[in-house]
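A short write-up of the structure that comes next.
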Amino acid sequence: MSLKRKAADAVTSEAKKAKAGANSSITHFFGAPKVIPKTKASIAAAEFNKDDWVKTLTEEQKQLLTLEINTLDESWLAHLKDELVTTQFLDLKRFLKKEVLSGKKVFPPSADVYSWSRLTPLDKVKVVIIGQDPYHNQNQAHGLCFSVRPPTPAPPSLGNIYKSLTNDYPDFVPPPNKSGLLTPWAERGVLMLNTSLTVEAHKPASHSGKGWERLTQKVIDVVNKERRGGVVFLAWGKHAQDRMKGIDKAKHYVLQSAHPSPFSARNGFLDNGHFKKTNEWLETKYGAEGIIDWNLTVDLEKADADVNPAKEH
């Protein structure tokens, strides 16, 4: 596969929507974010009537689930709706509401919490990359694991991902200005999912164990069940590998290695060959059109204008 193909539309209007959610006030986090246009959905989503489902919710549930109702892609909502009304998930939303009301800043901005679902609808998933916790500093997290908004440079783990890619495809050139925006991958079918979807500013793992893990495990389970043609799961590090226990390996392809963190990358990540192995497997399943273009060439000036939100205060 050549990596010289250009991602002409690498940054879509999806990124523009993030601006509306850049403020983590209670209005933005639990108010009424702009409704995201529908995408082509799975059969289950096509049969799912969101309006009818919303009518079954209590007033408190509607208030707590405003973000999910308005920003979670319907291809996913159709499969996750029952989990959203569990006691555990509603308690998570009450916890988040309390955090924001107390003045704590939460990342990513609310409009980005479910950006993974809109950028990679269920029926488009070819590859799943599992992360753990969103980046916890300003202008970093935007709902895709390992990805950061420009002009924030690629963090060390992502830098090692680039090195691994270069080992597989020597003509791969990392984006200029050390960019770390992975939106093009998401648009091409790479689901980049953290197992915890929010974090308190400057406090890593502060929202781990609060309830997100149940929902994101459900996401993985849905891919395992619904993507019947098979997808590739990239499980880097023990945390991600623990999420692979229920995957049907007769149908899907699970690749495991050390995590790309600087503390572990040299224990087998840099030369794991996962990017090339992914495409070789996808090609056997779906032909040449099924492979992932790992190229990340983007117009960084456009990325800065479209993706980078107004500075938060």
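Values computed for the structure shown
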item: Failed item, numbered, when Pro175 is tested on (1) buried (at least 21 other Cβ atoms within 10 Å of the Cβ); (2) modelled with pLDDT of 95 or more; result: (2)
item: Cβ pairs under 9 Å, 6+ apart, first in segment 115-143 and on the phi > 0 side of the Ramachandran plot, second of a type in the set (Phe, Trp, Tyr) and crowded, with 24+ Cβ neighbours inside 10 Å; result: Gly143/Trp116
item: Complete set of residues in segment 263-300 that are among the aliphatic types (A, V, I, L, M) and in a helix (DSSP H, G or I); result: Ala265, Leu282, Ala288, Leu300
item: Subset of segment 140-158 (residues that are part of a loop (DSSP other than H, G, I, E, B) and small (Gly, Ala, Ser)); result: Ala141, Gly143, Ser147, Ala154
item: Residue within segment 87-102 that is under 18 Å from the mean Cα position of the chain (by Cα) and in contact (Cβ under 8 Å) with a residue 24 or more places away in the chain present; result: no
item: Boolean, Leu80 is under 25 Å from Glu187 (Cβ atoms) and at pLDDT 95 or above; result: yes
item: Failed criterion for Leu92 (all others in (1) within 11 Å of Leu215 (Cβ to Cβ); (2) in contact with a strand residue (DSSP E or B) (Cβ under 8 Å, 6 or more places away or on another chain) hold); result: (2)
item: Residue list for segment 86-124, filter: among the charged types (D, E, K, R) and either part of a helix (DSSP H, G or I) or in contact with a Phe, Trp or Tyr (Cβ under 7 Å, 6 or more places away or on another chain) (or both); result: Asp91, Lys93, Arg94, Lys97, Lys98, Glu99, Asp112, Arg118, Asp123, Lys124
item: Which listed residue is more than 22 Å from Lys97 (Cβ to Cβ), in contact with a Ser or Thr (Cβ under 7 Å, 6 or more places away or on another chain) and without any contact (Cβ under 8 Å) to a residue 60 or more places away in the chain, from Ala186, Ala154; result: Ala154
item: Count of residues meeting criterion [in a helix (DSSP H, G or I) and aromatic (Phe, Trp, Tyr)] in segment 159-192; result: 2
item: Residue count, segment 204-239 (criterion: among the charged types (D, E, K, R), touching a residue at least 24 places away in the same chain (Cβ under 8 Å) and either within 18 Å of Ser147 (Cα to Cα) or part of a helix (DSSP H, G or I) (or both)); result: 4
item: Matching residues in segment 259-289 - criterion: being surrounded by 14 or more Cβ atoms within 10 Å (Cβ to Cβ), out of contact with any strand residue (DSSP E or B) (no Cβ under 7 Å at 6 or more places or on another chain) and among the aliphatic types (A, V, I, L, M); result: Ala265, Leu270
item: Residues of segment 45-85 satisfying the condition of being under 12 Å from Leu215 (Cβ atoms) and assigned to a helix (DSSP H, G or I); result: Glu68, Trp76, Leu77, His79, Leu80, Lys81, Asp82, Glu83, Leu84
item: Test result for Leu197, in a loop (DSSP other than H, G, I, E, B), in contact (Cβ under 8 Å) with a residue 60 or more places away in the chain, under 30 Å from Phe95 (Cβ atoms) and of a type in the set (A, V, I, L, M, F, W, C); result: yes
item: Test set (1) surrounded by 20 or more Cβ atoms within 10 Å (Cβ to Cβ); (2) modelled with pLDDT of 95 or more - Ala45 fails condition number; result: (2)
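For (1) in contact with a Lys or Arg (Cβ under 7 Å, 6 or more places away or on another chain); (2) surrounded by fewer than 16 Cβ atoms within 10 Å (Cβ to Cβ); (3) β-branched (Val, Ile, Thr), each residue gets a yes or a no:
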| position | (1), (2), (3) |
| --- | --- |
| Leu57 | no, no, no |
| Leu64 | yes, no, no |
| Leu67 | no, no, no |
| Thr86 | no, yes, yes |
| Leu101 | no, yes, no |
| Phe107 | no, no, no |
| Trp116 | no, no, no |
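Residues checked against (1) buried (at least 22 other Cβ atoms within 10 Å of the Cβ); (2) more than 18 Å from the chain's Cα centre (by Cα); (3) over 26 Å from Lys105 (Cα atoms):
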residue: Asp168; (1), (2), (3): no, yes, yes
residue: Ser179; (1), (2), (3): yes, no, no
residue: Glu187; (1), (2), (3): no, no, yes
residue: Val199; (1), (2), (3): yes, no, no
residue: Pro204; (1), (2), (3): no, no, no
residue: Lys210; (1), (2), (3): no, yes, no
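The values are calculated or read from the model by the stated rules, or taken from the named source; none is laboratory data. Owing to the predicted nature of the structure, the values given are computational and were not obtained by experimental measurement. Counting neighbours? That spans all protein chains shown, and the Cβs are built from the backbone with ideal geometry, glycine included.
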